[in-house]
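Read through the structure below, which is laid out as structure tokens, and then see the notes.
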Amino acid sequence: MAEVKPTSRLVSGQFINVQRLHVAKLLTDEAGGEATYDTPVDLGKVLRSIDIKPSNSSAELYADGQSIDTANNTAAYLLGHKCENGVMVANKDDVAPYFAVMFQSDKRNGSKRLMKFFKVMFQEPSVKGSTKEANISYQTPTLTAKAIYRLSDGNSYTYADTESAGLEAEIAASWYASV
């Protein structure tokens, strides 16, 4: 059997695009048990950029300009708020649930990095706006999420590079089917 040599993460990390944001609500996570999740949900075209800071395991997500109803429903779902008749209400007793967060980064070499964070909690978005000037500038809310370790197994995240030797095609094909 040929020896597999590691490739540099810097060379394999030339990303040119992020897309396919999926979330799955974490249902159970008990020490010594097994983490269970709801069926993953594709959030559509809301992912504009991602900033992952490994030193504190946080992921910062930015949402792009969706219709108000979609944005309200998505924010309500992620933050534990109620949404009725297109109006979202944030209550002092709302508790944001934990989610698994999945997405892919396209690489310059044509391959992809598939990412899964296992236990993520979203925080209230920051919203910034300004008046329209001579040039149009889109202003999108910033949604921040913090990833922590699961109680069941201590894992925080996993990823797979599609060009990696030994990566089974079925793993990449079913990446978003379950956590």
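One residue is enough: does region 146-157 have a residue meeting the conditions more than 14 Å from the chain's Cα centre (by Cα) and over 23 Å from residue 28 (Cβ atoms)?
No; the residues of region 146-157 include none that is more than 14 Å from the chain's Cα centre (by Cα) and over 23 Å from residue 28 (Cβ atoms).
Being surrounded by 11 or more Cβ atoms within 10 Å (Cβ to Cβ), in contact with a Lys or Arg (Cβ under 6 Å, 6 or more places away or on another chain) and either farther than 18 Å from residue 78 by Cβ or at pLDDT 60 or above (or both): is that true of residue 38 here?
The answer is yes for residue 38.
Just one of 108, 113 is in contact with a strand residue (DSSP E or B) (Cβ under 7 Å, 6 or more places away or on another chain) and crowded, with 19+ Cβ neighbours inside 10 Å; which is it?
Values: 108 fails: crowded, with 19+ Cβ neighbours inside 10 Å.
Only one candidate qualifies: 113.
Got a sec? Which strands (runs of 3 or more DSSP E) wholly within region 72-154 have at least 2 residues that are closer than 24 Å to residue 15 by Cα and in contact (Cβ under 8 Å) with a residue 24 or more places away in the chain?
In region 72-154, the matching strands (runs of 3 or more DSSP E) lie at 98-107, 112-122, 142-147.
I'd like the full set of residues that are of a type in the set (Asp, Glu) and farther than 20 Å from residue 20 by Cα, limited to region 121-167.
Narrowing region 121-167 to residues of a type in the set (Asp, Glu): 124, 133, 153, 161, 163.
Residues satisfying the conditions are 124, 133, 153.
Looking at region 155-175 only, could you name the residues that are among the aliphatic types (A, V, I, L, M), loosely packed, with under 14 Cβ neighbours inside 10 Å and assigned to a loop (DSSP other than H, G, I, E, B)?
Hit for region 155-175 is 165, nothing else.
Applying the selection to region 1-24, what residues are modelled with pLDDT of 90 or more and more than 15 Å from residue 103 (Cα to Cα)?
Here is the first cut: in region 1-24, the ones modelled with pLDDT of 90 or more are 19-24.
Of everything in region 1-24, nothing turns out to be modelled with pLDDT of 90 or more and more than 15 Å from residue 103 (Cα to Cα).
Would you confirm, using the coordinates I've provided, whether residue 161 is farther than 22 Å from residue 107 by Cα, of a type in the set (Asp, Glu) and touching a residue at least 40 places away in the same chain (Cβ under 8 Å)? Even if it seems obvious, please write down each step before you answer.
Details: farther than 22 Å from residue 107 by Cα: no; of a type in the set (Asp, Glu): yes; touching a residue at least 40 places away in the same chain (Cβ under 8 Å): yes.
No; evaluated as a whole, the condition is false for this residue.
Determine, yes or no, whether residue 49 is modelled with pLDDT under 95 and more than 24 Å from residue 165 (Cβ to Cβ). Working first, answer last.
Working: modelled with pLDDT under 95: yes; more than 24 Å from residue 165 (Cβ to Cβ): yes.
Yes; evaluated as a whole, the condition is true for this residue.
Filter region 71-88 down to residues that are within 17 Å of the chain's Cα centre (by Cα) and among the polar types (S, T, N, Q) and give me whichever is modelled with the lowest pLDDT.
From region 71-88, those within 17 Å of the chain's Cα centre (by Cα) are 71, 73-80; that's our starting set.
Retained after the next criterion (residues that are among the polar types (S, T, N, Q)): 73-74.
On the way: 73: 78, 74: 81.
Filtering first and then ranking leaves 73.
The values are calculated or read from the model by the stated rules, or taken from the named source; none is laboratory data. Remember, it's a predicted structure, so these values are computed and weren't measured experimentally. Heads up, the Cβs are rebuilt from the backbone with ideal geometry, glycines too, and the neighbour counts pull from every protein chain shown.
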